[in-house]
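The values are calculated or read from the model by the stated rules, or taken from the named source; none is laboratory data. Please read all numbers here as calculations on a predicted model, not as lab measurements. We place every Cβ from the backbone using ideal geometry, glycine too, and count neighbours over all the protein chains shown.
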Amino acid sequence: MGQDLRAIIPHRLKPDRIIDLPELLNSHNKRFLTLLPEVRLDVKNIGVKHWHDGWVWFGDQPNKTSDILEIWKKSDVIGLEGPGSLFLSFGRQCAIIGSWIRWREFLTDRRIFNGWRAIVQYFTGFLKASSAIYVPDSGPVNAAVAEDYVFKGNSFETIQRFLLEQCGQPLTTIDAVEEIEKDVYFYDDFGIKEYDEDSVLTKYMWNNYIKFTTEWERKVNLAIILNWKAEAYEDPTVGWKYNKQLGEDFKNDINAHNEIKDPDAFREKVRNRILKEHKEDIFINRCSKCNKIVRTPKAKQCFWCGYDWH
């Protein structure tokens with residue numbers, strides 16, 4: 001059994017909108033179906049148990065409005081089956097979109113990679129969201145556990161922080177994948193945001209050149225992440241002050257305390273130090289069309305203007 005591909009998307013759907021989902025999705029089907037050929041989901045697969053021309057509630061769930069609402073009130077997961085083996089499952093705060101596309105295909109086939117992202121972007125727009133996380137649906141890796149977090153009703157931010165702590169920074173392009181079996185996940189931000197050179201450069205440096213940070217800087221960064229986790233879980237015992245890895249000397253370090261209070265300023269300061277001390281080892285990859293910083297040193301696509309130079 002291989003790993004299938006899943007995408008996690010935040011949602012704020014209320015019960016009155018939940019019950020209308022099949023009708024709402026089917027009203028947009030014509031536009032949506034044009035995306036399926038890019039990932040070969042337009043060809044009926046005899047191995048797929050359920051195949052539909054439109055969207056319907058899962059076969060084991062009732063179709064009556066009152067019954068669907070009752071399931072939703074009990075916080076159980078509800079879901080729909082749709083065209084091309086696609087399905088949508090809804091937890092209390094996040095949705096999962098999946099199909100029989102393999103995780104390995106997503107990591108190695110550029111057409112599948114771009115086609116699936118187009119499908120996910122469609123659904124993020126439908127759910128009035130702007131971000132998505134891509135994970136495998138099974139396996140021993142931590143990324144696969146994220147799917148369980150959806151079914152337990154966790155928020156998108158909580159899932160992000162869990163993955164950040166367990167797997168590190170997300171990948172944003174298959175150019176960065178070195179080992180298929182590695183514990184990796186992907187993140188997409190489809191929101192239309194104003195380009196800010198300063199903040200984009202800081203993110204670029206931390207995502208791609210963390211090897212140039214000092215042990216102390218990495219400890220401060222870990223403390224910041226643990227603070228986020230404590231806030232998300234509403235549990236101070238998972239915060240940095242309770243973490244044994246940091247050591248007592250660090251916990252009594254006044255400078256560290258001050259840096260933790262302002263994460264953005266700290267990361268910018270580290271960025272500037274690395275740029276100054278390792279300038280010959282740093283490559284700021286820019287789009288040749290719009291001159292904006294892209295996501296990785298090996299990236300060949302700009303997510304600001306859409307230019308692709310593969």
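Taking region 120-166 as the search range and keeping residues that are in contact with a Leu (Cβ under 9 Å, 6 or more places away or on another chain) and among the small types (Gly, Ala, Ser), which one is modelled with the lowest pLDDT?
143
Are any residues in region 1-40 in a helix (DSSP H, G or I) and either surrounded by 15 or more Cβ atoms within 10 Å (Cβ to Cβ) or in contact with a Pro (Cβ under 8 Å, 6 or more places away or on another chain) (or both), and if so, which ones?
Quick first cut of region 1-40, residues in a helix (DSSP H, G or I) only: 15-18, 21-27, 29-33, 36-39.
Hits for region 1-40 are 18, 21, 22, 25, 26, 29, 32, 33, 36, 38, 39.
Please determine whether any residue of region 129-137 is surrounded by 20 or more Cβ atoms within 10 Å (Cβ to Cβ) and out of contact with any Phe, Trp or Tyr (no Cβ under 9 Å at 6 or more places or on another chain).
The answer is no; no qualifying residue exists.
Answer with yes or no whether residue 212 is modelled with pLDDT of 85 or more and touching a helix residue (DSSP H, G or I) at 6+ places or on another chain (Cβ under 8 Å).
Working: modelled with pLDDT of 85 or more: yes; touching a helix residue (DSSP H, G or I) at 6+ places or on another chain (Cβ under 8 Å): yes.
So residue 212 fits the description; yes.
Consider only pairs whose beta carbons are under 7 Å apart and that are at least six residues apart or on different chains; among these, list those whose first residue lies in region 145-165 and is among the small types (Gly, Ala, Ser) and whose second residue is part of a helix (DSSP H, G or I) and modelled with pLDDT under 85.
As it stands, the answer is 146/162; 146/163, since those pairs meet every condition given.
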